[in-house]
Amino acid sequence: MSVTDQLVKSNKDYAAAFTDPGMDARPVLHVAIVACMDARLDLHAALGLELGDCHTIRNAGGVVTDDVIRSLTISQHKLGTRSIVLIHHTGCGLEAITEDFRTELEMAVGQRPAWAVEAFRDVDQDVRQSMQRVRTNPFLLHTDDVRGFVFDVKTGLVREIR
């Protein structure tokens, strides 16, 4: 059985016991969280969140890309979020690669990706850059409550970046 088949089977078990929680898409806590896609980050457990508390937007590195801005803009304008929390983490894979990855892909497939890798060497500085991208974006309504953190994958603690 493939991994996807296992997931579909698990969903059938989940759906058998599922009851509609009766909520809509608006997060109860009016917060959107942007974080890395790293499988070691269990954001709900780490932050004491429940289903429906937040919007969670994840990508490689937790980078504030145009697509993240798109999601945050929809989240704020149409779904009522006001706060934005950015979470990067220690030991991120983007610290181990460079923008040369785009060239490697071009050599392998014959086409250069349009997107930037957004590799970095200093996770704290990358969080600061992400906060700045959010705070200065004209499409976002609420940029007064934007905070950034680094999640330590060894201890589970978050450390705030100023």
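Pick out the one residue from HIS55, HIS44, HIS88 that is out of contact with any strand residue (DSSP E or B) (no Cβ under 6 Å at 6 or more places or on another chain), surrounded by 13 or more Cβ atoms within 10 Å (Cβ to Cβ) and at pLDDT 95 or above.
Details: HIS55 fails: out of contact with any strand residue (DSSP E or B) (no Cβ under 6 Å at 6 or more places or on another chain); HIS88 fails: out of contact with any strand residue (DSSP E or B) (no Cβ under 6 Å at 6 or more places or on another chain).
Checking each option against the conditions leaves just HIS44.
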| ASP24 vs. criteria in contact with a helix residue (DSSP H, G or I) (Cβ under 9 Å, 6 or more places away or on another chain) and at pLDDT below 95 | yes
| note | Subset of the stretch 141-156, residues within 17 Å of the chain's Cα centre (by Cα), among the hydrophobic types (A, V, I, L, M, F, W, C) and part of a loop (DSSP other than H, G, I, E, B), comes to VAL153
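I'm trying to understand the selection: among the residues of the stretch 137-162, which are open to solvent by 80 Å² or more (accessible area, probe 1.4 Å) and hydrophobic (A, V, I, L, M, F, W, C)?
Taking the stretch 137-162 and keeping what is open to solvent by 80 Å² or more (accessible area, probe 1.4 Å), we get 138-139, 141, 144, 147, 154-155, 157, 159, 162.
PHE139, LEU141, LEU157 - these are the residues of the stretch 137-162 that are open to solvent by 80 Å² or more (accessible area, probe 1.4 Å) and hydrophobic (A, V, I, L, M, F, W, C).
Can you find a residue in the stretch 91-99 that is open to solvent by 20 Å² or more (accessible area, probe 1.4 Å), under 18 Å from ASP67 (Cα atoms), of a type outside the set (Lys, Arg) and part of a loop (DSSP other than H, G, I, E, B)?
no
Could you tell me whether any residue of the stretch 14-21 is part of a helix (DSSP H, G or I), modelled with pLDDT of 95 or more, surrounded by 12 or more Cβ atoms within 10 Å (Cβ to Cβ) and not β-branched (Val, Ile, Thr)?
Initial filter on the stretch 14-21 (part of a helix (DSSP H, G or I)): 14-17.
Of the ones still in play, those that are also modelled with pLDDT of 95 or more are 14-17.
Cutting the leftovers down to surrounded by 12 or more Cβ atoms within 10 Å (Cβ to Cβ) gives us none.
No: zero hits.
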| So is THR73 over 14 Å from VAL127 (Cα atoms), touching a helix residue (DSSP H, G or I) at 6+ places or on another chain (Cβ under 6 Å) and of a type in the set (Ser, Thr, Tyr) or not? | no
| Does the stretch 101-115 contain any residue that is among the polar types (S, T, N, Q), in a helix (DSSP H, G or I) and more than 30 Å from LYS154 (Cα to Cα)? | yes
| request: Report, ordered by the first and then the second residue, all pairs with beta carbons closer than 8 Å, sequence separation of six or more or different chains, a first member in the stretch 107-132 that is of a type in the set (Ser, Thr, Tyr), and a second member that is part of a helix (DSSP H, G or I) and modelled with pLDDT of 95 or more. | output: SER130/GLY62
| remark: Out of (1) more than 21 Å from CYS54 (Cα to Cα); (2) open to solvent by less than 60 Å² (accessible area, probe 1.4 Å), the one VAL134 does not meet is (1)
| query | (1) open to solvent by 90 Å² or more (accessible area, probe 1.4 Å); (2) small (Gly, Ala, Ser); (3) touching a residue at least 12 places away in the same chain (Cβ under 8 Å): which one isn't true of ALA25, the others all being true? | reply | (1)
| Of all residues in the stretch 58-85 being farther than 20 Å from ARG135 by Cβ and in contact with a Cys (Cβ under 8 Å, 6 or more places away or on another chain), which is most open to solvent (accessible area, probe 1.4 Å)? | ARG58
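The values are calculated or read from the model by the stated rules, or taken from the named source; none is laboratory data. These numbers come from a predicted model, not from an experiment. No Cβ is skipped: glycine too gets one built from the backbone with ideal geometry, and neighbour counts run over all protein chains shown. When the accessible area is computed, the model is the full protein with side chains, heavy atoms only, and any ligands, DNA or RNA have been set aside. Shrake-Rupley method; radii C 1.70, N 1.55, O 1.52, S 1.80 Å.
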